[in-house]
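In what follows, a single structure is set out as structure tokens and then discussed.
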Amino acid sequence: MTILSNLIKPGSTIGIIGGGQLGRMMAFSAKERGYRIAVLDPTPDCPTAQVADWHIEAAYDDLDALKELAERSDVLTYEFENVDAETIDRVQNEVNIAIPQGTDLLLITQNRLSEKDFLKKAGIPIASYAKIETKADLIDAISTLGYPCVLKTIRGGYDGKGQSVLKSDSDIAEAVSLLGNGICVLEEWVSFKKELSIMVARNESGQVVTMPVSENIHYDNILLKSIVPARVSDETLNEARLIAETIAEKMALVGVLGVELFFTESGEIYANELAPRPHNSGHYSIEACSDSQFDLHIRAICGYPLPEVELLKPAVMVNILGEHFEKALELNSSQPKWHVHDYGKNGVKVGRKMGHVTILTDAIEETLRTIDETKIWN
Ligand code: AMP
């Protein structure tokens with residue numbers, strides 16, 4: 001990992017690999033502080049390019065394009081985990097550029113199995129799992145983990161893609177087809193009461209800061225709503241914080257990381273997944289916190305001290321997918337106090353994240369009812 005001997009000061013250029021909404025919101029935070037933004041993304045007019053100073057239109061693993069991005073930038077960051085770690089290492093060796101997040105974090109989180117092995121070794125509670133390469137492995141693991149259980153590809157899965165839930169022997173044949181995509185991991189089923197997440201930031205000096213815990217509601221495996229603070233006991237909130245801090249320290253994190261958690265009926269917490277970057281469930285922090293997840297990320301990668309984050313007001317965040325988009329934009333007129341974010345994406349598609357709405361509220365239940373009454377998300 002490159003050691004930042006100098007601060008990356010305002011006026012410098014931050015190069016972002018990936019031009020989606022996370023890069024765009026990082027750029028907003030960086031711009032507020034006086035930085036310039038260069039972005040690498042293959043899509044013309046992508047969300048980050050619309051607010052960046054330079055856009056290099058090329059694939060994420062295009063070595064020459066990455067080198068050009070590095071040459072134009074003073075520091076590089078990535079907004080998603082599916083960038084090629086080897087190519088990033090080569091860029092770092094060939095161009096003298098700070099990449100404070102490093103690639104260890106990528107290598108662990110790109111692979112569900114190495115992520116689980118890391119969490120287990122770090123002493124973080126997780127659901128029991130087994131590595132599956134063949135049908136025989138699967139049958140063997142089912143005899144230990146029992147039904148229900150879930151088979152997941154170790155690479156490239158997100159929002160529930162590349163997963164197969166097994167409830168009985170009759171589901172084995174379908175699950176086995178996932179093995180065609182490579183090695184998988186079988187997980188015991190966690191009958192969770194709630195899904196939670198927490199964002200944690202760390203800088204190179206080892207300062208660790210956590211953000212308030214979100215309670216997340218998914219629909220069709222895609223995040224629909226986040227409620228902050230999560231409606232769980234203080235003890236659970238503290239436990240979540242401790243888990244996030246331990247992960248950040250053991251990973252020598254630099255930047256921001258999202259930790260997805262299951263909270264069970266019996267009050268236990270299990271880590272489910274890590275995201276080595278800002279996370280959808282942390283978007284509420286833009287309006288609801290003294291510093292957003294994007295502010296922390298920019299401060300951390302530029303080598304600045306991290307502030308303790310205060311929740312200024314409870315919040316509900318609702319995602320705007322393609323199917324909600326048209327009606328959700330009308331909220332700009334009907335709900336002037338709601339913060340409607342539009343990521344500027346070209347092409348509205350069902351299931352595509354087009355924006356989100358954050359509502360600051362002292363009456364969470366009433367706000368949830370008002371959201372239902374809009375009938376946008378039914
Ligand atoms: P993931 O891609 O691992 O975050 O999984 C997507 C969603 O599937 C999660 O948000 C959960 O709702 C559900 N899920 C995944 N793994 C499990 C599990 N082991 N037990 C129960 N639900 C799960």
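Structure notes:
- Kirkwood hydrodynamic radius (C-alpha pairs) into Stokes-Einstein, the stretch 91-235, 10 °C and 1.306 mPa s, D in µm²/s: 90 µm²/s
- Computed [θ] at 222 nm, helices only, for the chain once each DSSP H run of length n ≥ 4 contributes -39500 (n - 2.57): -8500 deg cm²/dmol
- Treating r as the C-beta distance of residue 205 and residue 268 and R0 as 45 Å, the FRET efficiency rounds to 0.85.
- Each principal axis of the Cα cloud of the chain was taken in turn, and the coordinate range along them, longest first, works out to 59, 52, 41 Å.
- Between residue 249 and residue 155, full extension at 0.36 nm per residue minus the direct alpha carbon distance yields a gain of 31.4 nm.
- At full extension, residue 114 and residue 346 could sit 80.0 nm farther apart than now, given 0.36 nm per residue minus the alpha carbon distance.
- Two-decimal Rg/Rh across the stretch 157-197, once Rg and the Kirkwood Rh are taken from alpha-carbon atoms: 1.00
- Between 177, 139, 128, the Cα set farthest toward the positive side of the dipole of the stretch 128-188 (charges on each charged residue's Cβ, about the Cα centre) is that of 177.
- 31 Å Cα-Cα threshold exceeded, pairs from 135/250; 116/313; 120/345; 161/194; 9/161; 120/349: 135/250; 116/313; 120/345; 9/161; 120/349
- Taking label positions 7 Å along the Cα-Cβ direction at both residue 373 and residue 128, the computed distance is 4.9 nm, reported to one decimal.
- The local environment of residue 242, defined by Cβ-Cβ distances under 12 Å, has a net charge of -3 under the rule Lys, Arg +1 and Asp, Glu -1.
- With every protein chain in place, the chain: carbon and sulfur % of accessible area (1.4 Å): 46 percent
- Less than 5 angstrom separates the built amide H of residue 320 from those of 354, 355, 356, 357, all sequence-distant by 5 or more or on a different chain.
- Centroid-to-centroid, using Cα positions, the stretch 55-92 and the stretch 186-222 are 27 Å apart.
- Normalised contact order of the stretch 13-99, rounded percent, pairs of Cα under 8 Å and 6 or more residues apart: 33 percent
- Taken over the stretch 250-308, the percentage of Cα pairs per 5 Å bin, counting from 0 up to the bin with the maximum distance, is 4, 16, 22, 23, 17, 12, 5, 1, 0.
- Note that the stretch 336-351 has calculated 3J(HN,Hα) couplings of x, 8, 7, 9, 8, 9, 10, 6, x, 7, 8, x, 8, 10, 4, x Hz, one per residue in order, obtained from phi through the Karplus relation 6.51 cos²θ - 1.76 cosθ + 1.60 (θ = phi - 60°); glycine and proline are x.
- The label point for residue 45 and the one for residue 326, both projected 7 Å from the Cα toward the Cβ, are 2.0 nm apart.
- Relative contact order of the chain, defined on C-alpha pairs under 8 angstrom at six or more residues apart (%): 14 percent
- Within the shell of other residues whose beta carbon sits under 12 angstrom from the beta carbon of residue 207, the net charge comes to -2, with Lys and Arg scored +1 and Asp and Glu -1.
- Formal net charge of residues neighbouring residue 156 (Cβ-Cβ distance under 11 Å; K, R +1; D, E -1): +3
- Ordering of 318-327, 119-128 by burial proxy (mean other Cβ atoms within 10 Å per residue, highest first): 318-327, 119-128
- At full extension, residue 217 and residue 231 could sit 3.8 nm farther apart than now, given 0.36 nm per residue minus the alpha carbon distance.
- With protein chains left intact and a 1.4 Å probe, residues in the stretch 192-373 average 40 Å² of accessible area per residue.
The values are calculated or read from the model by the stated rules, or taken from the named source; none is laboratory data. Since we're looking at a predicted model, the values are computed, not measured. We place every Cβ from the backbone using ideal geometry, glycine too, and count neighbours over all the protein chains shown. Note: accessible area is taken over every heavy atom of the protein model, side chains too, but ligands, DNA and RNA are not part of it. Shrake-Rupley method; radii C 1.70, N 1.55, O 1.52, S 1.80 Å.
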